[in-house]
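Trainee: I have a structure here, written as structure tokens, and I will follow up with some questions on it.
The values are calculated or read from the model by the stated rules, or taken from the named source; none is laboratory data. These figures come from a predicted structure and were not determined experimentally. Cβ atoms come from the backbone with ideal geometry, glycine included; neighbour counts cover every protein chain shown. Accessible surface is based on the protein model in full, side chains and every heavy atom, while ligands, DNA and RNA are left aside. Shrake-Rupley method; radii C 1.70, N 1.55, O 1.52, S 1.80 Å.
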Amino acid sequence: MEIIMEALPALGDAWGLILQPIVLGYLVMGVVMGLCIGVFPGLGGIAGLSLLLPFMFGMEPLLGLALMVGMVAVVPTSDTFASVLMGIPGSSASQATVLDGFPMAKKGQAARALSAAFASSLFGGLVGASFLTVFILIARPIVLEFRTPELLMITIFGLSMVGILAGRVAIKGIVAAGLGMLIGTIGEGASSGDLRMSSYDFPYLTDGLKLVIVGLGIFAIPEIVSLLRQDRAISQESQIGGGWIEGVRDWFANIWLSVRCSIIGVIVGVIPGLGGSVVDWIAYGHAVQTTKDKSNFGKGEVRGIIGPESSNNAKEGGSLVPTLLFGIPGSGSMAIFIGAIALLGSGQIEVGPAMLKNNLDITYSIVWLLALANVVGTVICIAASGGIAKLTTIRFALLAPFLFMIISFAAFQSGQNLMDLVALFAIGFLGILMRRFDWSRPAFLIGFVLSKPAETYANQAVQLARSQFRKGFGDGMDYIFSPIVITLVIITVISVVLGLRQAKNILAEGDVESGSKRAPLIFMLIVTGYIAYAFYDAASIPSYSRDRVFPMFVGAVCLIGCAFLIIRMILKPETDTIFADRERSGEDANATYGLWPTLAWFAALLILTSLFGFIIALCVFLFAFMKVRAGVSTLYAIIYTGAGIAFMLGMAWLLNRDFPPGLLQEYVDLPWPFT
């Protein structure tokens with residue numbers, strides 16, 4: 001009761017602080033900027049907050065917080081546009097939304113899918129703000145209970161979602177997740193700094209592959225290529241659907257699912273380091289497990305949108321708990337948020353226990369700003385969803401080059417390196433083959449996202465457990481099997497059992513018919529070869545290094561799974577589901593254009609970039625594509641190219657980014673943006 005009485009005056013003061021016209025104006029400005037950033041795939045909250053950092057120095061604290069909170073709150077809402085309309089994950093927090101949102105857009109139900117997502121996002125954001133209000137003073141002891149074993153079990157629970165998304169052949173899903181984990185281990189190991197599948201002679205891979213590159217490559221490239229080959233609009237229907245009212249009704253009909261997934265989002269958001277990369281998959285798995293008829297998931301099930309969208313907005317409120325209480329960033333965007341707070345005013349605001357003691361009114365202002373930002377952002381998105389959904393009725397050949405330009409920019413925004421584009425193309429090609437042969441791309445992505453936390457927490461847990469066991473057997477057991485760990489183990493086992501039983505009903509890659517034996521078997525052998533080499537590479541690391549243990553364990557499990565799959569391929573007829581191949585039937589088989597001629601356009605952009613730099617290559621690519629492939633007039637192609645280049649230059653200027661140079665820049669001193 002004392003805690004509540006202490007908080008009430010601060011709650012009232014917080015309302016007085018934020019209900020000022022200038023504060024609300026900055027909040028709306030942040031919301032609009034967040035919506036603009038979120039619409040573009042791959043940018044997300046980290047890029048948005050990075051854009052604001054130069055303006056934070058010396059700014060009045062409350063105004064700066066309003067601007068930042070407005071942006072952070074709505075990026076998980078607006079990134080839904082790309083996920084639903086284009087099949088491109090707007091950010092790591094909207095990957096699961098693609099599975100059912102994009103199929104709905106293809107059916108002409110884009111507006112319905114968007115409005116259901118926005119209603120869920122609003123509710124989740126308000127739940128997150130409410131949680132933050134209640135727990136801002138009492139969450140400290142709860143968060144401190146999560147030690148390494150608990151964090152490891154949360155990570156394993158996230159991996160258990162592979163059981164839900166494994167597809168018709170469960171072992172393929174498990175191997176896909178293992179492949180993602182092995183690719184996630186590329187680079188320097190966290191324990192001893194030993195290199196896995198990389199070399200200092202080829203420094204790009206020593207830091208590993210970025211999530212934005214893998215996420216865009218595994219989902220965006222395959223969908224862009226597939227739609228481009230069919231030479232039509234995204235939606236096969238001439239109408240965009242019943243509009244936002246029907247989507248809101250869908251959300252209200254599934255409000256208890258939204259409640260449960262919002263709570264999941266808050267809980268996962270509280271745990272530092274997990275956040276948006278895993279919460280949407282956990283929520284999606286829960287939506288599947290609690291639905292009686294699971295046959296529509298992956299084909300356009302609205303519950304597959306409501307669950308993830310409720311959780312990823314609620315996660316923002318949860319991630320502010322460790323950020324504000326302990327100064328521990330709950331996500332990448334929260335890390336920048338902490339840095340930006342230090343720049344505000346004269347530096348008198350400091351996150352952590354001191355903030356709760358000295359600036360409780362400011363703390364609760366952040367909470368209310370979060371709630372208001374969700375309301376404002378959702379209203380704007382719902383109002384705009386009908387018009388923006390009309391993008392799905394535009395011929396895709398007119399959209400594809402712009403989309404590829406955007407995801408290319410997103411891919412190299414951190415490294416500004418030509419190799420970022422090479423990695424995007426390589427992972428994209430892998431995604432195309434996984435989609436073709438019905439390998440679960442969501443399972444692959446879950447494996448990649450959780451590879452680093454799984455390895456880190458596993459190594460730490462083993463090391464700390466050994467020290468506890470040296471004290472005594474009872475101390476070791478108490479450390480490993482805390483009540484939270486036991487609860488998570490039970491939940492994980494139930495999730496795996498139910499997931500594997502239900503996997504055959506959940507078609508994460510759609511309904512893919514079987515083809516011949518040859519192509520699926522060749523792809524299976526290539527995957528097996530990579531896994532075997534990764535295992536060999538890890539085994540060559542000195543035995544005293546812990547950096548060899550995790551990839552060797554994952555590689556061994558995957559090789560056993562590959563052996564089972566190869567044996568099944570040898571014994572079963574080509575009508576078996578293991579020989580699924582999109583090129584044998586369906587949209588891809590009847591596509592107007594072939595796979596290789598379509599990929600050649602993007603390969604040409606890569607080659608031209610390596611020779612002349614990105615901007616010059618992009619000029620040639622956009623004009624040639626619009627003139628030759630889209631078949632538009634010369635004037636239209638020139639205007640389109642000019643608009644695309646102007647947009648790229650504007651984005652680079654705002655984010656203070658350069659473009660990857662080519663061979664030409666080594667011999668000729670060119671001005672920005674050609675260098």
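Trainee: Quick one: which of ALA139, ALA129, ALA177, ALA190 is modelled with pLDDT under 80 and touching a Gly at 6+ places or on another chain (Cβ under 9 Å)?
Mentor: ALA129
To keep it simple, each residue is scored yes or no on (1) open to solvent by 30 Å² or more (accessible area, probe 1.4 Å); (2) of a type in the set (Gly, Ala, Ser); (3) modelled with pLDDT of 85 or more.
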{"residue": "ASP231", "(1), (2), (3)": "yes, no, no"}
{"residue": "ILE234", "(1), (2), (3)": "no, no, no"}
{"residue": "GLY241", "(1), (2), (3)": "yes, yes, no"}
{"residue": "VAL248", "(1), (2), (3)": "yes, no, no"}
{"residue": "GLY265", "(1), (2), (3)": "no, yes, no"}
{"residue": "ILE271", "(1), (2), (3)": "no, no, no"}
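Trainee: Would region 507-522 turn up any residue that is under 24 Å from PRO442 (Cα atoms), open to solvent by 40 Å² or more (accessible area, probe 1.4 Å) and at pLDDT 85 or above?
Mentor: Yes; the residues of region 507-522 include at least one that is under 24 Å from PRO442 (Cα atoms), open to solvent by 40 Å² or more (accessible area, probe 1.4 Å) and at pLDDT 85 or above.
Trainee: Can you find a residue in region 440-462 that is among the β-branched types (Val, Ile, Thr), out of contact with any Phe, Trp or Tyr (no Cβ under 6 Å at 6 or more places or on another chain), crowded, with 21+ Cβ neighbours inside 10 Å and modelled with pLDDT of 80 or more?
Mentor: Scanning region 440-462, I find no residue that is among the β-branched types (Val, Ile, Thr), out of contact with any Phe, Trp or Tyr (no Cβ under 6 Å at 6 or more places or on another chain), crowded, with 21+ Cβ neighbours inside 10 Å and modelled with pLDDT of 80 or more, so the answer is no.
Trainee: Of all the helices (runs of 4 or more DSSP H) wholly in region 19-114, which have at least 2 residues that are basic (Lys, Arg), modelled with pLDDT under 80 and over 20 Å from the mean Cα position of the chain (by Cα)?
Mentor: Qualifying helices (runs of 4 or more DSSP H): none found.
Trainee: Could you say which residue among TRP601, TRP596 is under 30 Å from ARG568 (Cα atoms), of a type outside the set (D, E, K, R) and part of a helix (DSSP H, G or I)?
Mentor: Just one listed residue meets the conditions, TRP596.
Trainee: Is it fair to say THR575 is more than 28 Å from LEU227 (Cβ to Cβ), modelled with pLDDT under 90, open to solvent by 30 Å² or more (accessible area, probe 1.4 Å) and of a type outside the set (A, V, I, L, M)?
Mentor: yes
Trainee: Within region 208-218, track down each residue that is open to solvent by 40 Å² or more (accessible area, probe 1.4 Å) and under 21 Å from ALA458 (Cβ atoms).
Mentor: LEU211
Trainee: Mind telling me which of the residues ILE380, ILE362, ILE341 ends up being hydrophobic (A, V, I, L, M, F, W, C), modelled with pLDDT of 70 or more, buried (at least 23 other Cβ atoms within 10 Å of the Cβ) and part of a helix (DSSP H, G or I)?
Mentor: From the options ILE380, ILE362, ILE341, the qualifying one is ILE341.
Trainee: Would you mind telling me which numbered condition in (1) in a loop (DSSP other than H, G, I, E, B); (2) open to solvent by 10 Å² or more (accessible area, probe 1.4 Å) TYR636 fails?
Mentor: (1)
Trainee: When residues of region 103-135 are filtered for being polar (S, T, N, Q) and surrounded by 24 or more Cβ atoms within 10 Å (Cβ to Cβ), how many remain?
Mentor: Number satisfying all stated conditions: 4.
Trainee: Go over the candidates ALA630, ALA617, ALA563 one by one and state the one that is open to solvent by less than 50 Å² (accessible area, probe 1.4 Å) and either within 19 Å of LEU179 (Cβ to Cβ) or free of Cβ contacts under 8 Å to residues at least 24 places away in the same chain (or both).
Mentor: So the residue among ALA630, ALA617, ALA563 that is open to solvent by less than 50 Å² (accessible area, probe 1.4 Å) and either within 19 Å of LEU179 (Cβ to Cβ) or free of Cβ contacts under 8 Å to residues at least 24 places away in the same chain (or both) is ALA563.
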